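Novice: Okay, here's the structure, questions in a sec.
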Number of protein chains: 2
Amino acid sequence: MSAPASIEEFRNRLADLSEGLPKRLRQCADYIAANTDRIAVSTVAELAAGADVPPSALMRFCQIIGFSGFSEMQRLFREAYSPGWPDYSTRLRNLKDNGAGSPAALLAEFVEAGRLSLEQLAKSADEAALSQAVAQLAGAGTLHVVGLRRAYPVASYLTYVFEKMQVPAMLHDGAGKLDHRHAMRPGDACIAITFAPYSDETLALAGDAQARGLPVIGITDRLTSPLAKLSSPVLTVPEVDFGAFRSLSATLALSIALAVAVGSARG
Amino acid sequence: MSAPASIEEFRNRLADLSEGLPKRLRQCADYIAANTDRIAVSTVAELAAGADVPPSALMRFCQIIGFSGFSEMQRLFREAYSPGWPDYSTRLRNLKDNGAGSPAALLAEFVEAGRLSLEQLAKSADEAALSQAVAQLAGAGTLHVVGLRRAYPVASYLTYVFEKMQVPAMLHDGAGKLDHRHAMRPGDACIAITFAPYSDETLALAGDAQARGLPVIGITDRLTSPLAKLSSPVLTVPEVDFGAFRSLSATLALSIALAVAVGSARG
DNA sequence: CTGATTTTGGAATTTTTATTCCAAACCCGC
DNA sequence: GCGGGTTTGGAATAAAAATTCCAAAATCAG
């Protein structure tokens, strides 16, 4: 078998082979696939250490891919090496230059929106409210998570993280129009997520929880949101929209941080 | 004189010295100034040949700049290039060990992880694959979206965006263990999302779609993913994990861009 | 033009890096 | 468990690269 002549070909061969490879060689394949950009500037020993295999395994890997050895593989990547792209902002401009509305340009816009959202979140996060929320949730029984439409991905991820951290949590997703409001028992807590235009169902559930005396943690877009009135601490997320859709980056970051903090606090 | 600690410092020193240097050393300085980007991936002999000087001249040049030798200079450029992927699992452990696992600190880490993921996505996104994916989806009938566990939020958001853009789409979420694979009809297309450890159900559905001749668009974490083989274009997302959880920022940005592009292409 | 000083080229040496090879460990079907 | 083939780790070897050193060439001041 002859050596791949281009990086494209290399990637294909990597994808073809990766299955049906024994343990160590698969480790190599995975690490290389995830760190292709380091090949040009690393030694066998460095890459092998990264993949957590002995150097000889990496050599074997190179040969299986079709190269005569590591050096030949490295040559391919060194020749193609152009460090023009470690620069995020120029790359973004390049993507946008594909013309407005092109997939690449759209991607650039959403990446930027996400980044801006995260930056603003870092600046504006209310640490006191966050700590208070963690304290309330850490002391509660079952956590009831509700979020619909665009907030639904956040609600479902929150529930996933709670489950992984062995925190009892329940997702109120309205499936089958089944209503689970009576699952909320004294000692439980509620996390409600909604953004303008605010979802009635979410507000209703949050209101119900409040009426039963459960703590309600709200995650929403502004302090004037109807959810704010129902929540004991309300967490606001400054999400930047692009077009009609939001990136959710900041909301997710806040939510996961909340969940992990609660999970560790509960031990 | 000590070695430059940054590329900035290196450039300054180069500018300072370049005047008043004898012929051969000036050749070195000129060539290096014009080809700084090759330093990381070249040998002494190669650079010397490029500058049209003997290797020993280049060695002298490195020492005059302040390095102990060529290797030290090269290290500077290799390290500066490699994006320095932070090791989040150890950082998380440190956070906990120091008792500094405050919610605010966690939030900062997740924000940072999200930012890095987005930047990395911008740098590494495969525009050709993205365009191809958009073209395939734009020409298809119903779009079948599948993603479970941590990929579920992405799948559900994708479906939400498609619905908003009036693109017929169906979310295969395994609710009620109902299997909807026969809903996939000729002319449809499938979008499958999974990350390591890959979900069997997702792979099964993608495989089924492929077997029926539907185009499969895969969104996954690496090229060696089992999903790659099942997808006609596969889109890889370099998501940074923080602890056991990923921010999903990059995955969502890519997905929304894909959905919006498909939505507009379908008009 | 001469002698002192700097600069230069390349061969010799040292260090690092890649590569091979083989015995031990591991799997898998029986 | 037992014998087949595979896979693995590491020590030994080969290759390549970096680095040093010194004699020859060039430069320059007087």
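The values are calculated or read from the model by the stated rules, or taken from the named source; none is laboratory data. None of the values given here were measured: they were computed from a predicted structure. Ideal geometry is used to build each Cβ from the backbone, glycine not excepted, and the neighbour counts take in all protein chains shown. We work out accessible area using only protein heavy atoms, side chains counted, and drop any ligands, DNA or RNA first. Shrake-Rupley method; radii C 1.70, N 1.55, O 1.52, S 1.80 Å.
Novice: Report those strands (runs of 3 or more DSSP E) wholly inside the range A:144-235 carrying at least 3 residues which are touching a residue at least 40 places away in the same chain (Cβ under 8 Å) and surrounded by 19 or more Cβ atoms within 10 Å (Cβ to Cβ). Show your work before the answer.
Specialist: Details: elements: A:169-172, A:189-193, A:216-220.
Ranges flagged: A:189-193.
Novice: Do you know which of the residues in the range B:236-262 that are open to solvent by 10 Å² or more (accessible area, probe 1.4 Å) and either more than 7 Å from chain A (Cβ to nearest Cβ) or at positive phi (or both) is modelled with the highest pLDDT?
Specialist: B:236
Novice: Please verify whether residue A:101 is at the interface with chain B (Cβ under 9 Å from one of its Cβ atoms), open to solvent by 20 Å² or more (accessible area, probe 1.4 Å) and not in a helix (DSSP H, G or I), treating the condition exactly as stated.
Specialist: On the way: at the interface with chain B (Cβ under 9 Å from one of its Cβ atoms): yes; open to solvent by 20 Å² or more (accessible area, probe 1.4 Å): yes; not in a helix (DSSP H, G or I): yes.
Yes; evaluated as a whole, the condition is true for this residue.
Novice: Can you find even one residue in the range A:64-76 that is at positive phi and touching a Ser or Thr at 6+ places or on another chain (Cβ under 7 Å)?
Specialist: Yes, the conditions are met somewhere in the range A:64-76.
Novice: Still on this model: Give the residues of the range A:59-77 that are away from DNA strand C (no atom under 11 Å from the Cβ) and open to solvent by 20 Å² or more (accessible area, probe 1.4 Å), sorted by residue number.
Specialist: In the first step, residues of the range A:59-77 are kept if they are away from DNA strand C (no atom under 11 Å from the Cβ); the result is A:64-66, A:76-77.
A:64, A:76 - these are the residues of the range A:59-77 that are away from DNA strand C (no atom under 11 Å from the Cβ) and open to solvent by 20 Å² or more (accessible area, probe 1.4 Å).
Novice: Here's something else I'd like to know. Just to be sure before I move on: is residue A:110 touching a strand residue (DSSP E or B) at 6+ places or on another chain (Cβ under 8 Å) and either part of a helix (DSSP H, G or I) or not small (Gly, Ala, Ser) (or both) in the structure I sent?
Specialist: On the way: touching a strand residue (DSSP E or B) at 6+ places or on another chain (Cβ under 8 Å): yes; either part of a helix (DSSP H, G or I) or not small (Gly, Ala, Ser) (or both): yes.
The answer is yes for residue A:110.
Novice: So, of the residues in the range B:55-83 that are hydroxyl-bearing (Ser, Thr, Tyr) and either over 18 Å from residue A:41 (Cα atoms) or more than 9 Å from DNA strand D (Cβ to nearest atom) (or both), which turns out to be modelled with the lowest pLDDT?
Specialist: Filtering the range B:55-83 for residues that are hydroxyl-bearing (Ser, Thr, Tyr) and either over 18 Å from residue A:41 (Cα atoms) or more than 9 Å from DNA strand D (Cβ to nearest atom) (or both), the one modelled with the lowest pLDDT comes out as B:82.
Novice: For the range A:15-51, name all the residues that are within 17 Å of residue B:196 (Cα to Cα), more than 13 Å from DNA strand D (Cβ to nearest atom) and open to solvent by less than 30 Å² (accessible area, probe 1.4 Å).
Specialist: A:15, A:18, A:32, A:33, A:35
Novice: Tally up the residues in the range A:121-143 that are free of Cβ contacts under 8 Å to residues at least 40 places away in the same chain and within 21 Å of the chain's Cα centre (by Cα), please.
Specialist: 2
Novice: A follow-up question, please. Within the range B:110-139, can you find the residues that are more than 7 Å from chain A (Cβ to nearest Cβ) and not hydrophobic (A, V, I, L, M, F, W, C)?
Specialist: Correct list: B:112, B:117, B:120, B:124, B:126, B:132, B:136, B:139.
Novice: Okay, next question. Go through A:89, A:56 for me and flag whichever is hydroxyl-bearing (Ser, Thr, Tyr), away from chain B (no Cβ under 11 Å) and out of contact with any strand residue (DSSP E or B) (no Cβ under 9 Å at 6 or more places or on another chain). So that I can check it myself, show each step before the final result.
Specialist: Working: A:89 fails: away from chain B (no Cβ under 11 Å).
Going through A:89, A:56 in turn, the sole match is A:56.
Novice: Look through A:82, A:89, A:56 and report the one residue that is within 11 Å of DNA strand C (Cβ to nearest atom) and either open to solvent by less than 20 Å² (accessible area, probe 1.4 Å) or not charged (D, E, K, R) (or both).
Specialist: A:56
Novice: Just need a number here: residues in the range A:123-135 that are of a type outside the set (Ser, Thr, Tyr) and either surrounded by fewer than 18 Cβ atoms within 10 Å (Cβ to Cβ) or not in a helix (DSSP H, G or I) (or both).
Specialist: At the first step, the residues of the range A:123-135 found to be of a type outside the set (Ser, Thr, Tyr) are A:123, A:125-130, A:132-135.
Okay, now just the ones that are also either surrounded by fewer than 18 Cβ atoms within 10 Å (Cβ to Cβ) or not in a helix (DSSP H, G or I) (or both), so A:123, A:125-128, A:132, A:135.
Count: 7.
Novice: Restricting to the range B:247-267, name every residue that is among the small types (Gly, Ala, Ser) and either closer than 20 Å to residue A:254 by Cα or touching a helix residue (DSSP H, G or I) at 6+ places or on another chain (Cβ under 6 Å) (or both). Please lay out each step first, then the result.
Specialist: Just the residues of the range B:247-267 that are among the small types (Gly, Ala, Ser), to begin with: B:247, B:249-250, B:253, B:255, B:257, B:259, B:261, B:263-265, B:267.
Scanning the range B:247-267 gives B:247, B:249, B:250, B:253, B:255, B:257, B:259, B:261, B:265.
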